[in-house]
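*Asks:* Okay, here's the structure, questions in a sec.
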Amino acid sequence: MARIAREIVEAVRDRTDIVEVIQRSVQLKKQGDSWVGLCPFHQEKSPSFHVVPKKAMYHCFGCQASGDAFKFLQEISGLSFVEAVKELAGPAGVTIEERELTQAERESLNARRTLYDVMEEACLFFQAQLMTAPDAQVARDYVFKKRGMTQDTVTSARLGWAPDSWTRLLDHLHQKGFRPQMVMEAGLAKKRERGDGHYDTFRARVIVPIRDDRQRVIAFGGRILEGDGPKYINSPENKLYKKHDVLYGLETARRAIGQKDRIILVEGYFDVLSMHQAGFLEVVATCGTALTKEHVHKIRTLTLNAVVLTDADEAGMKAAEKTLPMFSEVGVQAWRLQIPGAKDPDELIREEGPEAMTAALNQLKPMLTWVTERKLEAYGYGATARERARNELAELLHGLTSAQVAEVAPILRLDERELLVWAKAFRPPQPAPVAQPDAPEPARVVWKPTRDLVHLLWLVIHRYAYIADLAVRIHESLLVDHEPILPTFARLVHGEPVAAVLDDCVDPDVRRALSQIVARTELYTADESTHAFAQVVSRLARDRMDADLARAQSRAQAASQEGRAADARVAITALQLLQARKRALNEALATSDWSRVVDLTAPIDPSSPAPP
């Protein structure tokens, strides 16, 4: 697989002035070590958008948008990650070399395998199966002949084939060194209901990879061609993939959306591919789910014009109608694209060519107009029918604005001024109370760092040069109560740039916390760093020691009361070691022996003598 080497990406990031990049789009004012301005990703009156050049990062405390220069260009200009790197490489004086990884490089990456890696390896497997496997002939016929995909489209979309086997993918991934637990976490395998072992999630299906903004595979869709089963199945949600937030094809469509100032929403993966192949690159689809508020807010950052193309059956038209209030709420103009002959976009292009799609796009209707006409066609044009249509429109949109009144009044054959008076007096009906389920699903537990952990991370990120020697000696047991941060902290204390660490971070809570910490630029001066670091570490250590002391005390009392003399002696020894360790820690703090403070945070070995 060709890729831009990580060291090239880091070189471009290091040599890019993120303030200069963002100032092309946002007016910034220097404030201490940061630059501050109004966030370009949401509407605000007071600036909450911070750019931190020393860390090559930006963060908005209002909408939580954060990232580096690459991410900013992706969001503002609609570029893919690779395009953003290339865009900044020239001014940075870095030559981009896309090449195949050597075997040695592949092996060195194995030590840091993530869900992205297992997804990528699975995608390569599926691609190879489609092109070479004898049992994939039915899939090749479907993709190339029935769907009319070109080799370029199949390659760029990375289409594949899941063989009709229970464990072929699992066996392949096992040979590549991936544990079954990680394969399950990626949604590529399921646990057998009877007995031990696992089996492949996707079998005998054409595979459509779903990718993020950086072209990384995060999920798969699988279409069945023969036999029983649902027409499509999709990957279950995981740390990388949340279907309510992902639009299929967006990684390819971003630039075209910006250039044409519109996005076209279709229903199926192959509708997207067919339209991309025909030159309509601004097309995306949801991933087996209805349009969500998260989708709409993402679209709002890209364009204010959304063209909705759903099937012409009743279900498709109802789905299109439901998008109207969602787009209206965020100020996006929704349009209805109706294809003649009740065809889907793939069928229209294959049978009549791209010109037919262009002609259909030239006949767009505002969604509100289309919905109003649709209601009148259903109810008739009498006074009662027109009032019913008016009421349903007002309920659908939770009221009518003056602009909406001006649009629908002529269609409803109502006086605009009278309709405006009625609309101002309209109050949407209150929804009936919804009965609570007996056993509601527990809400996701949001991880938040404690105050001391925030200060520890801040010092590692902002004052690393002053505390590096101490930071690398911290034992991970110090953060045992903060498990989500452990992998990230390990990379930070070894000096990796925070922007690079955030690139690989898949935990949204950790990403948000780190981004906020990056944007806080003045907690401690350079001169205060070492002392502050030792104080924070000691507080974290004392908290852990106090909890351990309480447990040891409880075990000693229980053992004594139950007559378990040997267990009581072990518990009392542990208690004495902890008490001695705590005294030693206090003495090290009193004498400003910062090195010893850090060493005393390591776990206690009960077989060793207490520290002097």
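*Asks:* Filter the stretch 69-109 for residues that are among the acidic types (Asp, Glu) and closer than 15 Å to Arg24 by Cβ; which is modelled with the lowest pLDDT?
*Replies:* Filtering the stretch 69-109 for residues that are among the acidic types (Asp, Glu) and closer than 15 Å to Arg24 by Cβ, the one modelled with the lowest pLDDT comes out as Glu75.
*Asks:* Of the residues Gly288, Gly316, Gly341, Gly331, which is farther than 29 Å from Val408 by Cα and not β-branched (Val, Ile, Thr)?
*Replies:* Residue meeting the stated conditions: Gly288.
*Asks:* Still on this model: Which is in a helix (DSSP H, G or I), more than 29 Å from Phe327 (Cβ to Cβ), in contact (Cβ under 8 Å) with a residue 60 or more places away in the chain and open to solvent by less than 50 Å² (accessible area, probe 1.4 Å), of Met182, Met275?
*Replies:* Met182
This table checks each residue for (1) open to solvent by 20 Å² or more (accessible area, probe 1.4 Å); (2) more than 30 Å from Leu348 (Cα to Cα); (3) at pLDDT 95 or above.
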residue	(1), (2), (3)
Ala111	yes, yes, no
Leu115	no, yes, no
Ala122	no, yes, yes
Met131	yes, no, yes
Tyr142	no, no, yes
Gly148	yes, no, no
Arg158	yes, no, yes
Trp166	yes, yes, no
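*Asks:* Which of the residues spanning the stretch 194-210 are part of a strand (DSSP E or B) and open to solvent by 30 Å² or more (accessible area, probe 1.4 Å)? Even if it seems obvious, please write down each step before you answer.
*Replies:* We begin by selecting, within the stretch 194-210, every residue part of a strand (DSSP E or B); these are 198-200, 205-210.
Within the stretch 194-210, His198, Tyr199 qualify.
*Asks:* Please state which one of Ala406, Ala423, Ala389 is surrounded by fewer than 16 Cβ atoms within 10 Å (Cβ to Cβ) and among the aliphatic types (A, V, I, L, M).
*Replies:* That would be Ala406, the only listed residue that is surrounded by fewer than 16 Cβ atoms within 10 Å (Cβ to Cβ) and among the aliphatic types (A, V, I, L, M).
*Asks:* Taking the stated definitions as given, is Ala500 of a type in the set (Gly, Ala, Ser), within 20 Å of the chain's Cα centre (by Cα) and closer than 21 Å to Val472 by Cβ?
*Replies:* Working: of a type in the set (Gly, Ala, Ser): yes; within 20 Å of the chain's Cα centre (by Cα): yes; closer than 21 Å to Val472 by Cβ: yes.
Yes, satisfied.
*Asks:* Also, I was wondering about something else. What residue, among those in the stretch 237-251 that are closer than 21 Å to Asp344 by Cα and not in a strand (DSSP E or B), is modelled with the highest pLDDT?
*Replies:* We begin by selecting, within the stretch 237-251, every residue closer than 21 Å to Asp344 by Cα; these are 247-250.
Then drop every residue that is not not in a strand (DSSP E or B), which leaves 249-250.
Working: Gly249: 95, Leu250: 92.
So, considering only residues that are closer than 21 Å to Asp344 by Cα and not in a strand (DSSP E or B), the one modelled with the highest pLDDT is Gly249.
*Asks:* Being open to solvent by 30 Å² or more (accessible area, probe 1.4 Å), in contact (Cβ under 8 Å) with a residue 60 or more places away in the chain and under 27 Å from His42 (Cβ atoms): is that true of Thr301 here?
*Replies:* Here the answer is yes, as Thr301 does meet what is asked.
*Asks:* While we're looking at this one, here's another question. Determine whether the stretch 483-491 contains at least one residue that is modelled with pLDDT of 85 or more and charged (D, E, K, R).
*Replies:* yes
*Asks:* Quick check: anything in the stretch 215-228 surrounded by fewer than 23 Cβ atoms within 10 Å (Cβ to Cβ), within 19 Å of Leu291 (Cβ to Cβ) and among the small types (Gly, Ala, Ser)?
*Replies:* Yes, the stretch 215-228 has at least one match.
*Asks:* Something else now. In the stretch 221-231, is there at least one residue being in contact (Cβ under 8 Å) with a residue 12 or more places away in the chain, in a loop (DSSP other than H, G, I, E, B) and of a type in the set (Lys, Arg)?
*Replies:* Scanning the stretch 221-231, I find no residue that is in contact (Cβ under 8 Å) with a residue 12 or more places away in the chain, in a loop (DSSP other than H, G, I, E, B) and of a type in the set (Lys, Arg), so the answer is no.
*Asks:* OK, next. List the strands (runs of 3 or more DSSP E) inside the stretch 1-67, counting only whole elements, that have at least 2 residues being within 20 Å of Thr521 (Cα to Cα) and open to solvent by 10 Å² or more (accessible area, probe 1.4 Å).
*Replies:* 29-31, 34-37
*Asks:* Considering every residue within the stretch 351-372, establish whether at least one is open to solvent by 50 Å² or more (accessible area, probe 1.4 Å) and of a type in the set (Phe, Trp, Tyr).
*Replies:* Scanning the stretch 351-372 turns up no residue that is open to solvent by 50 Å² or more (accessible area, probe 1.4 Å) and of a type in the set (Phe, Trp, Tyr).
*Asks:* Then there's this: Out of the residues in the stretch 311-324 that are modelled with pLDDT of 90 or more and buried (at least 16 other Cβ atoms within 10 Å of the Cβ), which is farthest from the chain's Cα centre (by Cα)?
*Replies:* Across the stretch 311-324, the extreme among qualifying residues is Met317.
*Asks:* If you don't mind, another one. From the set of residues in the stretch 333-348 that are open to solvent by less than 70 Å² (accessible area, probe 1.4 Å) and assigned to a loop (DSSP other than H, G, I, E, B), which is modelled with the lowest pLDDT?
*Replies:* My answer is Lys343.
*Asks:* Among the helices (runs of 4 or more DSSP H) lying completely within the stretch 349-424, list those that include at least 1 residues that are more than 27 Å from Leu309 (Cβ to Cβ).
*Replies:* Helices (runs of 4 or more DSSP H) meeting the threshold: 383-396, 402-412.
The values are calculated or read from the model by the stated rules, or taken from the named source; none is laboratory data. What you see is a predicted model, and the numbers here were worked out from it, not measured in a lab. So basically every Cβ, Gly included, is an ideal-geometry build from the backbone, and we count neighbours across all protein chains shown. Side chains included, ligands, DNA and RNA excluded: accessible areas come from the protein's heavy atoms. Shrake-Rupley method; radii C 1.70, N 1.55, O 1.52, S 1.80 Å.
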